[in-house]
1. How many residues does region 264-293 hold that are of a type in the set (Asp, Glu) and open to solvent by 40 Å² or more (accessible area, probe 1.4 Å)?
2. Applying the selection to region 251-263, what residues are over 29 Å from the mean Cα position of the chain (by Cα) and either of a type in the set (Lys, Arg) or open to solvent by 60 Å² or more (accessible area, probe 1.4 Å) (or both)?
3. Would you check which residues across region 92-118 are open to solvent by less than 60 Å² (accessible area, probe 1.4 Å) and of a type outside the set (A, V, I, L, M) and list them?
4. Any residue at all in region 401-408 that's loosely packed, with under 10 Cβ neighbours inside 10 Å, not assigned by the TED database to the domain that holds residue 269 and not in a helix (DSSP H, G or I)?
5. Say we look at region 73-118 and pick out the residues that are among the small types (Gly, Ala, Ser), more than 19 Å from residue 61 (Cα to Cα) and not in a loop (DSSP other than H, G, I, E, B); which of these is nearest to the chain's Cα centre (by Cα)?
6. Just wondering, is there one or more residues in region 218-239 that are touching a Lys or Arg at 6+ places or on another chain (Cβ under 7 Å) and more than 28 Å from residue 289 (Cα to Cα)?
7. Restricting region 70-82 to residues that are closer than 18 Å to residue 260 by Cα and either open to solvent by less than 60 Å² (accessible area, probe 1.4 Å) or hydroxyl-bearing (Ser, Thr, Tyr) (or both), which is modelled with the lowest pLDDT?
8. Under the condition of being touching a helix residue (DSSP H, G or I) at 6+ places or on another chain (Cβ under 7 Å) and of a type in the set (Asp, Glu), which residue from region 196-250 is surrounded by the most Cβ atoms within 10 Å (Cβ to Cβ)?
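The values are calculated or read from the model by the stated rules, or taken from the named source; none is laboratory data. This structure is a prediction, so every number in the text was calculated from the model and none was measured. Using ideal geometry, Cβ is built from the backbone for each residue, glycine included, and neighbour counts are taken over all protein chains shown. To get the accessible areas, we keep the full protein, side chains included, count just its heavy atoms, and leave off ligands, DNA and RNA. Shrake-Rupley method; radii C 1.70, N 1.55, O 1.52, S 1.80 Å.
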Amino acid sequence: MCRSKALVHCGLVLLSLWLCIQSVPIAVDKTKAELPEEKLEPPQSADTGLHYDRYLKEVIDFLEKDSHFREKLHNTNMEDIKAGKLAKELDFVSHHVRTKLDELKRQEVSRLRMLIKAKQDIQGGNDKTVDHQALLKQFEYLNHMNPHTFEVEDLDRLIKSATNDLENYDKERHEEFKRYEMMKEHERKERLKNMDEEHRKKEEEHYNEMKRKHADHPKVNHPGSRDQLKEVWEEADGLDPNDFDPKTFFKLHDNNGDGYLDENELEALFTKELEKVYDPTREEDDMVEMEEERLRMREHVMNEVDTNKDRLVSLDEFLAASNKREFMETDEWETLEQNPFYTEEELKEFEKHLANEENDLNKKTAELQKQREELDRQQEQLNSHKLELQQVYYQILFFFFFFFFFKGAGRKVQDIGPVFQSLQSNQAPRHNGSLSGAQWIPAWYCDRMPPVQ
């Protein structure tokens, strides 16, 4: 009996301990704990800037729904993808995915044909027959000879076109920014030309003051360095800088959980550094320059970290970069104002090009003015001819009116001669359009008829 009571007592004690364990929270250091692997639905990725961006994303999305292709995609390096080896795996994709890809291609071809037709309508070529097959050749990312089904060649074309276009996209953005900066300087110089000496001096002083204020900013850490990432860890993530861990940092900022940091996720890491230099409320800061700075930072990190050049940073690449000497870089990042956007020769060439364009525009304006004057002159001639024809018309009308009037009044036909001669000699008043023919003719001619014999 005592033994039974003892067992019951022990059971109650163990139950109480278990309940305490379940009810008391245990503090866990999240910075040192392994983050659980969660399968998240990837968010909508940012626009690549390509004119076929939507088509590209939809094709990739449906291909990744096929387990075989998804596995091949993750296990294939960038060089093999560029060489077209991945495209051959399309033959092993499920029928459902292939059917959807066929539909996507037909929609894209239809979209391109609508764009061609719209462009033709704008250019005023409605009466011309459009050779869509010839015009579709300019869109190299799909096989226009087969507009109905998505084949291996289509995937191969899409991969190569997107790779090539994305590589050139940043170069085009840099060139566009350079033109923007040169145009700013050109317009500033033109404004100075139109000022008197006093205002020109004030404007120069103001310009130099704005440059000085813009350059006066806190230290900008090297993008991708330990100091730069720790600053994000502390200020954006709200974590203790002493607990900084590259692997945890990577997982925190892999927003879609795909195991890679893409270009947009990388660029988001530089916001804190850019805010040190650029403020949209300050006159001296140009937000276009801020986006160029962001692009420069992203390119720098990609060149240092993205070893296989697939425009993505994997966890392995990130960890390998964190063990390099460059990761401990403490030097300040050289911002745009420390790196000239263009040379003096480039600015002179740009201004020369603008001057040539302005001259061409002035010539075209002068030609259009001459054409307008010629059209006005021709219009005056047409109006004069129209008036002469109207006068001839009324003369003929008057002749027939008097012919039948004389004949109906019992007069001789030859009596119409003197009246018609006065009409031909312009003695009759001009018809100014204020009276109809029936009102105007009797008022002047009836009292000039010869008397009845």
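1. Qualifying residue count, region 264-293: 4.
2. First, the residues of region 251-263 that are over 29 Å from the mean Cα position of the chain (by Cα): 251-252, 259.
Matches in region 251-263: 251, 252.
3. Filtering region 92-118 down to residues open to solvent by less than 60 Å² (accessible area, probe 1.4 Å) leaves 93-94, 97-98, 100-102, 104-105, 108-110, 112, 116, 118.
Of everything in region 92-118, those that are open to solvent by less than 60 Å² (accessible area, probe 1.4 Å) and of a type outside the set (A, V, I, L, M) turn out to be 94, 98, 100, 102, 105, 108, 110.
4. No, region 401-408 contains no residue that is loosely packed, with under 10 Cβ neighbours inside 10 Å, not assigned by the TED database to the domain that holds residue 269 and not in a helix (DSSP H, G or I).
5. Among those residues, the one meeting the criterion is 118.
6. Taking region 218-239 and keeping what is touching a Lys or Arg at 6+ places or on another chain (Cβ under 7 Å), we get 218, 220, 231-232, 235-236.
Going one step further and asking which of them are more than 28 Å from residue 289 (Cα to Cα), we end up with none.
No, every residue in region 218-239 fails to be touching a Lys or Arg at 6+ places or on another chain (Cβ under 7 Å) and more than 28 Å from residue 289 (Cα to Cα).
7. Here the residue is 78.
8. So, considering only residues that are touching a helix residue (DSSP H, G or I) at 6+ places or on another chain (Cβ under 7 Å) and of a type in the set (Asp, Glu), the one surrounded by the most Cβ atoms within 10 Å (Cβ to Cβ) is 231.
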